[in-house]
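Have a look at the structure below, then the notes.
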Amino acid sequence: MKPAPFIYHRAETAAHAAEVLAQFGDDVRILAGGQSLLPMMNLRIAAPGHLLDISKTADLMTIEVGVDSLEVGAAATYRRVAEHGAIEQFPIIATAISHVGHEPIRNRGTIVGSIAHNDPAGELPAVALALGAEVQLRSLRGSRSVSIDDFLTEAYCTTIADDELIEAIRFPRPAASTGHGFAEYARRRGDYASAGVACQVRYGPRRFSCRMPGRDPRRRRCGATPPGRGGAHRLRRDRWLGRRARGASHRGQRHR
Ligand SMILES: Cc1cc2nc3c(=O)[nH]c(=O)nc-3n(C[C@H](O)[C@H](O)[C@H](O)COP(=O)(O)OP(=O)(O)OC[C@H]3O[C@@H](n4cnc5c(N)ncnc54)[C@H](O)[C@@H]3O)c2cc1C
């Protein structure tokens, strides 16, 4: 089937895109990679009167790696992100992208388009939730940043307004004390996942880190020297005994 007639607009800049959105409201749809929108239009599930193409909008193609984040612009394709030199610093994103469809889909489709579409079987919304990403929105009214938890509501729904576009998505850099996992099951390679999971785990401070034979874990945990010898040792001993007498808890202390 062919899509219903529409008027085509190409956004020269992000500001221009915001103007077109303000002009046509809920009768305009943004076209990024078109990998979800065009099938919907062909099936007449979507029939917008205006299509706003951002796929060649230079200031939305950016991929910026900062000290504490990776920021992906709305027109950056999966492929460009996957081939970016810094992607190995964000291994969960690289793994997730490799599960998205096939190469032709990754050549055109965008991470931001996937977030906007919010297909519950999509890999990138799950990763964005696991990492605690932030969505940057823009309209003629101004810009705002929304946490992914507040942005994604139910399947295929988000809190974006009719006159807004997603300018970029910002993934925080995983802390050194985190690990991640991504796994999915699909009936055939490249299919949408039947089930999948993305997670990030933050390790807490390690307790009992020096439980080695012949050593008293309490010595390391609280940094105190057991009573016994004179001088500085006695001073520490007294402090140690004082704390014990006051019932101080050593539990929450950091290890040395
Ligand atoms: C055969 C096939 C297999 C696929 N397999 C998978 C898969 O395994 N996993 C997966 O996650 N996806 C899969 N996809 C979908 C693919 O990932 C899409 O690319 C993605 O869902 C949408 O990205 P897009 O850039 O193509 O967006 P588009 O299709 O252009 O847009 C999707 C929706 O998001 C809106 N939108 C896009 N950009 C913005 C923006 N900047 N601001 C506001 N709204 C915006 C559009 O208006 C539209 O409503 C598959 C697609 C096909 C055709």
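Which condition number does Leu38 fail, the rest of (1) in a helix (DSSP H, G or I); (2) more than 7 Å from the ligand (Cβ to nearest atom); (3) surrounded by fewer than 19 Cβ atoms within 10 Å (Cβ to Cβ) being met?
Answer for Leu38: the failing condition is (2).
Provide a single number: the residues in the stretch 151-187 that are open to solvent by 60 Å² or more (accessible area, probe 1.4 Å) and in contact with a Leu (Cβ under 6 Å, 6 or more places away or on another chain).
Number of matching residues: 0.
Does the stretch 54-69 contain at least one residue that is away from the ligand (no atom under 12 Å from the Cβ) and more than 21 Å from Glu134 (Cβ to Cβ)?
Within the stretch 54-69 (the criterion being away from the ligand (no atom under 12 Å from the Cβ) and more than 21 Å from Glu134 (Cβ to Cβ)), the answer is yes, since at least one residue qualifies.
Just checking, how many residues over the stretch 41-60 are open to solvent by less than 40 Å² (accessible area, probe 1.4 Å) and either over 19 Å from Arg138 (Cα atoms) or over 26 Å from the mean Cα position of the chain (by Cα) (or both)? Walk me through how you get there before you give the answer.
We begin by selecting, within the stretch 41-60, every residue open to solvent by less than 40 Å² (accessible area, probe 1.4 Å); these are 41, 46, 48-55, 57, 60.
Checking the rest, the ones that are also either over 19 Å from Arg138 (Cα atoms) or over 26 Å from the mean Cα position of the chain (by Cα) (or both) come to 41, 46, 48-51.
Number satisfying all stated conditions: 6.
If Leu129 passes every condition in (1) in the same structural domain as Leu152 (by TED's automatic domain parsing); (2) open to solvent by 40 Å² or more (accessible area, probe 1.4 Å); (3) more than 19 Å from Asp149 (Cα to Cα); (4) more than 11 Å from the ligand (Cβ to nearest atom) but one, which one does it miss?
Only one criterion is unmet by Leu129, namely (3).
Looking for something touching a residue at least 60 places away in the same chain (Cβ under 8 Å), open to solvent by 10 Å² or more (accessible area, probe 1.4 Å) and more than 26 Å from Leu21 (Cα to Cα) - is there at least one such residue anywhere in the stretch 80-88?
no
Has the stretch 34-41 got at least one residue that is in the same structural domain as Glu184 (by TED's automatic domain parsing), touching a helix residue (DSSP H, G or I) at 6+ places or on another chain (Cβ under 9 Å) and of a type outside the set (Ser, Thr, Tyr)?
No, the stretch 34-41 contains no residue that is in the same structural domain as Glu184 (by TED's automatic domain parsing), touching a helix residue (DSSP H, G or I) at 6+ places or on another chain (Cβ under 9 Å) and of a type outside the set (Ser, Thr, Tyr).
Can you name the number of the only condition in (1) at pLDDT below 95; (2) of a type outside the set (S, T, N, Q); (3) open to solvent by less than 20 Å² (accessible area, probe 1.4 Å) that Val67 fails?
(3)
Out of the residues in the stretch 133-146 that are of a type in the set (Gly, Ala, Ser) and either surrounded by 13 or more Cβ atoms within 10 Å (Cβ to Cβ) or not assigned by TED's automatic domain parsing to the domain that holds Arg106 (or both), which is nearest to the ligand (Cβ to nearest atom)?
Ser139
Residue by residue through the stretch 96-110, note down the ones that are of a type in the set (Val, Ile, Thr) and open to solvent by less than 50 Å² (accessible area, probe 1.4 Å).
Answer for the stretch 96-110, where residues must be of a type in the set (Val, Ile, Thr) and open to solvent by less than 50 Å² (accessible area, probe 1.4 Å): Ile97, Val100, Thr110.
Could you list all residues from the stretch 78-108 that are within 14 Å of the ligand (Cβ to nearest atom) and either more than 23 Å from Arg188 (Cα to Cα) or under 15 Å from the mean Cα position of the chain (by Cα) (or both)?
Correct list: Tyr78, Arg80, Val81, Ala82, Ile93, Thr95, Ala96, Ile97.
Among the residues of the stretch 7-27, which ones are within 13 Å of the ligand (Cβ to nearest atom), open to solvent by 10 Å² or more (accessible area, probe 1.4 Å) and outside any helix (DSSP H, G or I)?
The one that is within 13 Å of the ligand (Cβ to nearest atom), open to solvent by 10 Å² or more (accessible area, probe 1.4 Å) and outside any helix (DSSP H, G or I): His9.
Does at least one position in the stretch 74-87 carry a residue that is in a helix (DSSP H, G or I) and more than 18 Å from Gly33 (Cα to Cα)?
Checked against the condition, which is being in a helix (DSSP H, G or I) and more than 18 Å from Gly33 (Cα to Cα), the stretch 74-87 yields at least one hit.
Restricting to the stretch 172-199, give me the number of residues that are within 16 Å of the ligand (Cβ to nearest atom) and assigned to a strand (DSSP E or B).
Qualifying residue count, the stretch 172-199: 8.
The values are calculated or read from the model by the stated rules, or taken from the named source; none is laboratory data. Bear in mind that the values here come from a model prediction, so they are computed numbers and not experimental data. Note that we place each Cβ from the backbone using ideal geometry, even for glycine, and neighbour counts take in every protein chain shown. Areas reflect the complete protein model, heavy atoms only, side chains present, ligands, DNA and RNA absent. Shrake-Rupley method; radii C 1.70, N 1.55, O 1.52, S 1.80 Å.
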